[in-house]
Structures are given as structure tokens and as C-alpha cells.
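One structure is given here, and the rest of the page talks about it.
Values in this text are rule-based calculations from the coordinates and carry no lab data. Just so you know, these numbers come straight off a predicted model, no measurement behind them. A quick note on method: Cβ atoms are made from the backbone with ideal geometry, for glycine too, and the neighbour counts reach across all protein chains shown.
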Amino acid sequence: MPNEESNVLDQFRQGSPETFEDAFETLFRLHQRAVYEWLLRIVRNPAAAEDLTVETFWRIYRAHARFQPSRGFEAWARTIATHAALDWLRTQRPESELPADLPAATNADPGVVDEIRRKTALAFGRLPPRLRIAALLAVVEEQPHKEIATALGISVAAVKLRVFRALRLLRKDLQQQGIAP
């Protein structure tokens, strides 16, 4: 199978128009689900993730000549998907929701927990998109820094710095809202 996928990747990058179309279709079928799930982690909106999956593959289609097989298709697709998500996040209102399944403190007042969750979501939504993506993937989704760095096209140190800055801004915002993190 690895040799077969290698042939598909070669056809995708350099093939004639007939073989390119088939190769692109094969890659779409193989990687569509992974790209969708990656985008869903970032944007937290199934409809937007579907639209962004289509947008990602459209960008992949147009940029096929720049594909470097040594990097691997999935890493390249994640990078393109991350940039599409970042573009989408920049156009959205600064309110985003955190997952409802985040663990709550035991024996806590449900009203207080809801208020903290709401204020945290507001603070998260006010983060600059590039910091928000890094923090979402690192803190909420618990993705490895190396994977985030590859997807964002930055170094692992830059990911750590963005997460640090995001957490510092979140802490400051929550303190201004009367919540001591």
C-alpha cells in the first residue's frame, strides 16, 4: 500500500491532467475524514468544518504543484486546513464556545460553574485567532506540540510561546471579569 500511495502522490504532483484528476479524487477519499476532524477540533462547528474541508481541498487542488512528497500529504493537508480555519476564525464574532464536556469541579454550585464556563468561553473568543488555534489544539484538544507546529507551519518553540501568551491573556481577561483562575 505505501508504494501504491506513493504512485498516487506522484500522479497528484506531476501527472497529466487525466492522472492528476484520479489521483486528487483518491487523495480526497483517503484524507477527507481526517481533514474534517482536524478542522472540527479548531472551529468547533460541524457545518463550518464541512465547508472548510471543501475549501481545504480546493486549496490543495490549486496548489498541487507545490506539494513536496517528502513532507507527506496528511501533514501538508493539515497545514492548509489550519490556514483555512484561521481565515475563517478571523471573520467570526469573538464569541466561541468551549466543549460542554469539560470536567467541572466536584460539589460546585451549578450556577457558578455555568458562569465561569460562559466567561471563559467569552475570554477564549477574544483571543487573537493565531493564539486561539494554538491554545485550542494544545490545551483543549491536547494535541502534541510537534503536530500543532507542523500544521501551523511554525516551530515547536513558537507553538509553546503562543500557548503561553494565550493562557496569559486568558488569565488576565478572566481576572478582569472577576474570576481568579
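Sorted into 10 angstrom bins from 0, the C-alpha pair distances of the range 2-91 split as 18, 51, 25, 6, 0 percent.
How high is the relative contact order of the range 2-91, in percent, counting Cα pairs under 8 Å that sit 6 or more residues apart?
On the way: 67 pairs, mean separation 26.8, N = 90.
Once normalised by length, the contact order is 30 percent.
Relative contact order of the chain, taken over Cα pairs closer than 8 Å and 6 or more residues apart, is 18 percent. Taking 0.36 nm per residue of sequence separation and removing the Cα-Cα distance, the R44/E142 pair yields an extension gain of 33.8 nm. Our compactness index for the range 110-176, the C-alpha radius of gyration over the empirical 2.2 N^0.38 Å, is 1.17. With neighbours defined as other Cβ atoms within 10 Å of a residue's Cβ, the residues S70, S16, S6 order from fewest to most as S70, S16, S6.
Would you calculate the separation in nanometres between label points at R126 and A34, each defined as 7 Å from the Cα along the Cα-to-beta-carbon direction? It works out to 3.8 nm between the two label points. Think of it as helices only: each DSSP H run of n ≥ 4 in the chain is worth -39500 (n - 2.57), and spread over all residues that comes to -23500 deg cm²/dmol at 222 nm.
Per-residue Cβ neighbour counts within 10 Å put V163, V35, V139 in the sequence V139, V163, V35, beginning with the fewest. What stretch of the chain, leaving out the sites themselves, is the longest with no GluC sites (Glu not before Pro) in a DSSP loop having at most 12 other Cβ atoms within 10 Å? With a cap of 12 other Cβ atoms within 10 Å, the longest stretch comes to 1-94.
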